[in-house]
1. Hey, what's the Kirkwood Rh for the range 137-183 if you take every pair of different alpha carbons, in angstrom?
2. Using unit Cβ charges (K, R positive; D, E negative) and no other charged atoms, how large, in debye to the nearest 20, is the dipole of the range 77-229 about its Cα centre?
3. Go through Pro477, Phe224, Gly111 and say which Cα lies farthest out towards the positive end of the charge dipole of the chain; charges sit on Cβ, +1 for Lys and Arg, -1 for Asp and Glu.
4. Using only helices, what value at 222 nm comes out for the chain when you add -39,500 (n - 2.57) per DSSP H run of length 4 or more and divide by the total residues, to the nearest 500 deg cm²/dmol?
5. For each pair in Lys209/Lys332; Lys48/Lys597; Lys39/Lys387; Lys434/Lys581; Lys194/Lys434, compute the distance between the two Cα atoms and list the pairs where it is over 30 Å.
6. Show me 27-36, 88-97 ranked by packing, highest mean number of other Cβ atoms within 10 Å first.
7. Quick one, can you get me the convex hull of the C-alpha atoms of the range 3-633 expressed as volume per residue in Å³?
8. With the dipole of the chain worked out from charges on the C-beta (+1 for Lys and Arg, -1 for Asp and Glu) around the Cα centre, which of Val573, Val608, Gly395 lies farthest toward the positive end?
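What follows draws every value from the coordinates through simple rules; no lab data is involved. Here the structure is a predicted model, which means the values were calculated and not measured. Cβ atoms come from the backbone with ideal geometry, glycine included; neighbour counts cover every protein chain shown.
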Amino acid sequence: MCASRTAVLLLLLASPAWGGEAAETDVSLITAADIAREKPASLLEMLKRRVGLDENNSVISMRGVRGIAVVVDGFVSSVSELSALRPEQVERIEVLRGAASARFGAEAMGGAIAVTTRRAGGRQNPALNLTQGVDSRGGNYTRLGGSGERGELAWSLLAENREDQGFRTVPRSPFPYQITVADEHGRSTAVDGKLAWTGRDFAASLNLKHSDNHSFFGRPNWVFDWQTDTVRSQFSWQVNERWSLEAALGEDRNATAGVRDRGSGIDAAGLAADQWLTQDTRQREASAALAWQDGGWQGRLGGSLIELSEQFSASDYASRVTRTQADSLIRKEALFASGEMPLGAGRLELGLRHDWQRYISSRVFDAGPPGQETRGGGVVKAATSPKIALSWPLGATTRLRGSLGSGFSPPQATQLYNGFVSAGSVTLANPALKPERSTTADLALLGSAAGGNGGVTLFATRWQDKIAVRILDYGSPVVQQPQNVGEVRAHGLETHWSQPLAGHWQLDANYTYTRTRIVRDQSAPQLVGNVLPDMPRHKANFVLNYASTAGFSARAKWRLVGSAYTDEANTVVDSRGYRWKKAAYDVLDLAASWRAKGWEATLALDNVFDRDYVSGFFWHGEPRTLRGEFILRF
């Protein structure tokens with residue numbers, strides 16, 4: 001088998017479903033070398049500094065739009081899996097800004113994060129490494145990794161045991177259930193194994209994952225345990241030098257069990273155990289695509305199928321009597337096509353995807369009083385998502401690119417089928433709900449000068465058919481219903497620059513300006529003109545790197561985040577004196593690494609000046625923390 005064909009097979013197994021190079025699209029690329037140089041505490045923290053995304057309670061937003069798809073090795077994933085991935089497992093990360101549903105379908109209204117993990121093997125002989133990490137809060141982790149190749153077969157294995165010691169994230173809040181009275185902490189064990197086979201024209205891989213997790217959330221009776229099991233397989237057949245066929249199958253299972261307190265305060269009654277909670281989720285996914293390339297032309301045609309089953313139950317803590325149960329089954333189907341081709345001196349990229357979200361069944365039971373059960377199913381919500389992008393050289397060192405694309409986010413099954421009656425209100429189901437839609441336009445100027453490179457991008461997004469609860473009758477009881485009530489617009493500017501300095505120094509900087517505005521809201525007209533919550537207008541990152549030829553490197557990272565509101569009403573301070581508008585803040589992180597044959601050591605100091613800042617819904621950011629990591633390679 002020729003070397004070029006082998007490389008094509010391996011790339012197809014590792015890459016998500018799309019053609020083209022990141023340099024020719026609106027994609028920010030983070031490589032394994034970038035990750036190894038920065039030695040981040042987590043991938044999510046690295047993304048916050050690199051591309052200016054915002055994260056609040058596991059919800060990611062970019063450029064003022066929520067709905068960011070997370071994809072790992074081509075499979076639809078979650079923020080939880082992204083957080084669980086270790087930096088050394090990742091080959092590259094692509095961050096797509098703006099509507100990305102033409103490539104990733106649902107939940108990609110505001111963009112996508114596509115992670116490609118490292119392939120199995122990498123050495124002819126088995127390679128082993130042992131990693132030990134500690135931090136000043138008492139946290140620690142131990143990882144054992146190994147990989148090897150023998151002929152056409154390759155393998156890799158990573159096992160980790162971790163203890164996290166947190167801090168009081170919510171010392172003060174207008175919501176008593178949210179206040180933590182002790183430091184959070186957690187522990188986890190995980191095993192991640194890969195097996196790959198690469199033949200003359202055919203390649204296949206199998207990835208198995210298992211993890212056990214425990215989290216204490218800062219209140220005596222707010223504790224959760226969960227397990228995840230993942231199996232994923234990928235196949236690629238190189239028909240000839242032009243055509244290839246790819247397929248993927250996978251299943252993810254998640255089982256969660258925990259206890260929640262009454263939440264009425266921080267006295268004994270408020271902290272008393274109130275209910276048992278369980279949740280089981282199963283996601284099955286299959287996809288196939290036919291890819292073609294010839295010179296500068298590329299094309300791709302395929303489809304995918306996802307089946308998502310969810311079950312939730314809440315029971316009385318003392319009696320174990322069920323209070324609430326809910327379950328749903330959703331099937332997601334999609335057909336997609338994409339292509340890239342030269343156009344004069346430039347390059348044209350086209351993408352088109354049609355998604356069907358089939359709500360097979362949905363059931364909600366509430367013990368009341370009054371007791372009730374609602375059932376539904378059969379509705380189909382569909383969306384077509386096109387995208388076009390053009391890159392055009394303006395000279396030897398500059399180019400202009402523009403793109404226009406759309407995204408969508410479908411409604412929840414309970415919003416479509418399951419009404420709810422409480423003591424003071426009635427919530428009606430609404431099977432006529434439409435998916436939320438977004439349209440994003442970008443115009444970027446990219447170039448290089450004096451050894452540096454960077455660019456500036458203007459963007460604008462229109463977010464339509466926003467779903468919110470609208471009050472239909474203010475009588476007693478109040479009657480309300482989820483409806484497509486609003487429209488939001490966001491626009492702004494992104495700029496980045498990387499510049500080598502004297503000696504072994506380099507400066508990397510980026511800045512994002514985002515302006516959001518609610519332009520229509522039928523459920524709450526008084527919100528028109530306000531900005532969206534958790535959307536700081538200004539974000540900037542400056543990184544100064546030093547790398548010597550002797551294996552020593554050092555980094556100083558300065559992150560600045562502007563003020564942001566916590567609610568759509570844009571409350572600054574409420575009547576009880578609680579501040580809802582989060583103040584601007586800046587954080588300085590320092591790190592140094594020493595590398596030699598057979599070992600590597602890193603020492604990092606996060607939040608050097610111990611800034612106390614609010615990063616989420618009254619959650620505080622991490623205080624000053626000293627981290628250390630030592631790696632032995634065999």
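1. On the way: mean 1/r = 0.0688 Å⁻¹.
Answer for the range 137-183: a Kirkwood hydrodynamic radius of 14.5 Å.
2. Working: 18 positive and 18 negative charges, 56 e Å.
Around 280 debye, computed over the range 77-229.
3. Result: Gly111, furthest along the dipole toward the positive end.
4. -2000 deg cm²/dmol
5. Values: Lys209/Lys332 24 Å; Lys48/Lys597 32 Å; Lys39/Lys387 35 Å; Lys434/Lys581 32 Å; Lys194/Lys434 41 Å.
Check vs 30 Å cut-off fails for Lys48/Lys597; Lys39/Lys387; Lys434/Lys581; Lys194/Lys434.
6. Details: 27-36: 16.4, 88-97: 21.4.
Order by mean packing, descending: 88-97, 27-36.
7. Numbers: hull volume 99.5 nm³, N = 631.
For the range 3-633, the hull spanned by Cα atoms encloses 158 Å³ per residue.
8. Gly395
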